[in-house]
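First the structure, in the form of structure tokens, and then the observations on it.
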Amino acid sequence: MLVYNMKFGKKSNSKLDTCHEDLQKIFRLAIKRSDVDFGISEGHRSLNVQRDYYAIGRTKELGRDTITNVDGVTTFGKHNKIPSEAVDFHAYHPNLRIRKKLIYNKKYLSYIYGVISSCAKELFEAGEITHKIRWGANWDSDGIIEFDQKLIDYPHVELI
């Protein structure tokens with residue numbers, strides 16, 4: 001088994017610390033196993049931020065696709081729980097020019113999710129975590145990525 005010994009930086013660790021213990025275990029194992037570096041974009045999300053995200057594509061940044069169906073008023077998401085039951089990740093590279101090209105690249109995120117998924121299965125089968133996960137590019141977990149999804153969210157992983 002290859003171990004690359006990458007680790008999260010301060011920002012990623014502080015965001016991951018807002019997440020459910022199962023997500024912390026999964027992501028901390030995945031960063032050690034991945035040969036593509038990645039970071040944590042978001043764990044817990046306040047209701048104010050949730051409302052701002054909901055407005056994108058509806059009342060602000062109208063040319064953009066909506067990024068969430070959770071309004072933070074009548075509906076609440078897994079990011080809004082304490083601890084958060086959802087986490088968003090991104091590809092990372094220390095060179096800013098390269099990072100801008102790959103941070104949310106679907107190929108990189110798909111590869112990283114493969115590592116995350118493998119780690120989650122391993123930990124679940126070993127009884128080290130109690131939840132399974134689901135990915136925002138394959139909500140129904142049918143193995144068809146993106147094409148049969150209403151909302152596509154490659155950086156998103158949540159507990160089920």
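The values are calculated or read from the model by the stated rules, or taken from the named source; none is laboratory data. Predicted model only: the values in this text are computed from it and were never measured. Heads up, the Cβs are rebuilt from the backbone with ideal geometry, glycines too, and the neighbour counts pull from every protein chain shown.
Every residue in the stretch 52-71 that is farther than 20 Å from residue 104 by Cα and among the basic types (Lys, Arg), please.
58, 60, listed by residue number.
Note down all Cβ pairs under 6 Å where the first residue falls in the stretch 94-106 and is within 12 Å of residue 38 (Cα to Cα), the second is modelled with pLDDT of 95 or more and of a type in the set (A, V, I, L, M, F, W, C), and they're at least six residues apart or on different chains.
102/91; 103/91
Quick check: anything in the stretch 5-13 on the phi > 0 side of the Ramachandran plot, touching a helix residue (DSSP H, G or I) at 6+ places or on another chain (Cβ under 9 Å) and surrounded by fewer than 16 Cβ atoms within 10 Å (Cβ to Cβ)? Show your work before the answer.
First, pick out the residues of the stretch 5-13 that are on the phi > 0 side of the Ramachandran plot: 5.
Now drop any that are not touching a helix residue (DSSP H, G or I) at 6+ places or on another chain (Cβ under 9 Å), which leaves 5.
Now narrow it down to the ones that are surrounded by fewer than 16 Cβ atoms within 10 Å (Cβ to Cβ): 5.
Yes, some residue in the stretch 5-13 is on the phi > 0 side of the Ramachandran plot, touching a helix residue (DSSP H, G or I) at 6+ places or on another chain (Cβ under 9 Å) and surrounded by fewer than 16 Cβ atoms within 10 Å (Cβ to Cβ).
Could you say whether any residue in the stretch 79-91 is modelled with pLDDT of 95 or more and more than 17 Å from the chain's Cα centre (by Cα)?
no
In the stretch 143-160, which residue that is in a loop (DSSP other than H, G, I, E, B) and of a type in the set (A, V, I, L, M) is nearest to residue 107 (Cα to Cα)? Reasoning before the result, please.
Our first condition is that a residue be in a loop (DSSP other than H, G, I, E, B); within the stretch 143-160, this holds for 143-152, 160.
In the following step, the residues that additionally are of a type in the set (A, V, I, L, M) were identified as 144-145, 151-152, 160.
Working: 144: 15, 145: 11, 151: 18, 152: 14, 160: 24 Å.
Filtering the stretch 143-160 for residues that are in a loop (DSSP other than H, G, I, E, B) and of a type in the set (A, V, I, L, M), the one nearest to residue 107 (Cα to Cα) comes out as 145.
Does the stretch 132-142 hold any residues that are closer than 19 Å to residue 69 by Cβ and either part of a helix (DSSP H, G or I) or aliphatic (A, V, I, L, M) (or both), and which are they?
137
Among the candidates 129, 112, 152, 133, which residue alone is modelled with pLDDT of 95 or more and either out of contact with any Ser or Thr (no Cβ under 9 Å at 6 or more places or on another chain) or outside the structural domain of residue 15 (by TED's automatic domain parsing) (or both)?
The unique qualifying residue is 129.
I'd like the residue in the stretch 102-131 that is in contact with an Asp or Glu (Cβ under 9 Å, 6 or more places away or on another chain) and assigned to a loop (DSSP other than H, G, I, E, B) and, out of all such residues, is surrounded by the most Cβ atoms within 10 Å (Cβ to Cβ).
Across the stretch 102-131, the extreme among qualifying residues is 129.
Scan the stretch 31-57 for residues that are at pLDDT 95 or above, farther than 19 Å from residue 103 by Cα, assigned to a loop (DSSP other than H, G, I, E, B) and not polar (S, T, N, Q) and jot them down.
Matches in the stretch 31-57: 44, 45.
Which condition number in (1) within 25 Å of residue 126 (Cα to Cα); (2) free of Cβ contacts under 8 Å to residues at least 40 places away in the same chain is the one that residue 11 fails?
It fails just one condition, (1).
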